[in-house]
Amino acid sequence: MSDDKISSNPAIDAAMRLDGDPQNLRDYYDDWARNYNLDITSAEYSGPAISARLLRQYLDDSDASLLDAGCGTGLVGIELQALGYRRVDGFDLSESMIEQAGASGVYRKLAGSIDMMQAARSYAADSYDAVLSVGVFTLGHVPPEAMEVLLQLTRPGGLLLISTRTHYYQQTDFQPLVDKLLAEARIELVKLLRDAPYNKDGDAHYWLFRRTG
Ligand SMILES: C[S@@+](CC[C@H](N)C(=O)[O-])C[C@H]1O[C@@H](n2cnc3c(N)ncnc32)[C@H](O)[C@@H]1O
C-alpha cells in the first residue's frame, strides 16, 4: 500500500476521505450499500465481532435493549444476535444501508435517514441498556461530540461501546472529550482495547464506557 493510501481497498479509502457532511456521507453509502459487505469482508474487517464479544463480557442479559448507531448493513447486529441478544435496534444515515440491514433479519427496529448528531430528536433519552457504534468514529464521518449524543440515549448505568480507528483517534479531539466526560463524572471507563485488530490495513481502539451521570 502506498503511503498516501488510508486503505488498500478503493471504496474504504474513498469513504475515509469524505468530509463529514451528512448529505455526502448518505450519497456515498447509498451507492456503496450493495457492495459494502463484500468489500469490507475482503478487507478482513473484525470490528463487529470484537465489539460484540467485548460487550458480552460486561452485559450478560440477552433481553437488554441495544442500539446499534450507524448500523450500516447490519454486521454488528448479526454478531450481537449470534451472542444471544434479542432486542437490537439500529439506525443509519443511509436508507440503502438500512435496507441491507433489514434483509439480515436480526434487528427489532430499524430507522434510516438519521444523522447521529441529531439522533436525540428521534430516540428518547436514557432509553437503551447499551449503545454501540462501530466503524463510524472514523475519518470523514462523525466528530467526537457524537459520543455525547449517544451517551444521552444510554440509560444511566448503561454501557456505551465505540470503536475509534487509530488515525481518527490521533487526528481528532476524541481523547480530550473522554477526559472531560471522565472529569465531569458522566462516564467511567470500563474497558479499553487499545490498538486491537480492526481490518487488514490497521487497528482501532475499542472503548467501553459506563454512563455514570
Ligand atoms: C464504515 S460503515 C460501518 C457500518 C457498521 N457499523 C459496520 O460496522 O459494518 C459507517 C456507517 O456509518 C454511517 N454514518 C456515517 N455518518 C453517519 C451519521 N452522521 N449518522 C448516522 N450514520 C452515519 C454510514 O451511512 C455507514 O453505514
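Kirkwood hydrodynamic radius for the chain: how many Å is it when counted over pairs of different Cα atoms? Hydrodynamic radius (Kirkwood, Cα only) of the chain equals 17.0 Å.
Taken about its Cα centre, segment 10-211 carries a charge dipole of about 580 debye when Lys and Arg each add +1 at the Cβ and Asp and Glu each add -1 at the Cβ.
Can you compute the FRET efficiency between D39 and D19 using 1/(1 + (r/R0)^6), with r the Cβ-Cβ distance and R0 = 22 Å? Round to the nearest 0.05. For D39 and D19, the calculated efficiency is 0.60.
The overall shape of segment 8-124 is oblate: from the C-alpha gyration tensor, with semi-axes ordered a ≥ b ≥ c, the ratio a/c is 1.5 or greater and a/b is no larger than b/c.
If you roll a 1.4 angstrom probe over the protein chains with everything in place, what fraction of the accessible area of segment 10-211 belongs to carbon and sulfur, to the nearest %? Ligands and nucleic acids excluded, carbon and sulfur give 46 percent. For the peptides 132-141, 80-89, 48-57, the ranking by mean Cβ contacts within 10 Å, running from highest to lowest, is 132-141, 48-57, 80-89. How far apart, in nm, are the 7 Å Cα→Cβ label points at L192 and D60? Inter-label distance under the simple model: 2.7 nm. Under the rule a/c < 1.5 gives rounded, and otherwise a/b versus b/c splits prolate from oblate, where does segment 105-213 land using the Cα gyration tensor? Oblate, because a/c is 1.5 or more while a/b does not exceed b/c.
Excluding same-chain neighbours fewer than eight residues apart, the aspartates and glutamates reachable from K191 by a Cα-Cα span under 15 Å are D179. Surface analysis of the chain yields an accessible area of 44 Å² per residue, using protein heavy atoms and a 1.4 Å probe. In plain terms, the C-alpha convex hull of segment 161-212 casts an average shadow of 3.4 nm² when viewed from every direction.
The values are calculated or read from the model by the stated rules, or taken from the named source; none is laboratory data. Since we're looking at a predicted model, the values are computed, not measured. Positions of Cβ are backbone-derived with ideal geometry, glycine not excepted, and every protein chain shown enters the neighbour counts. Each accessible area value is taken on the protein alone, full model and side chains, heavy atoms only, with ligands, DNA and RNA left out. Shrake-Rupley method; radii C 1.70, N 1.55, O 1.52, S 1.80 Å.
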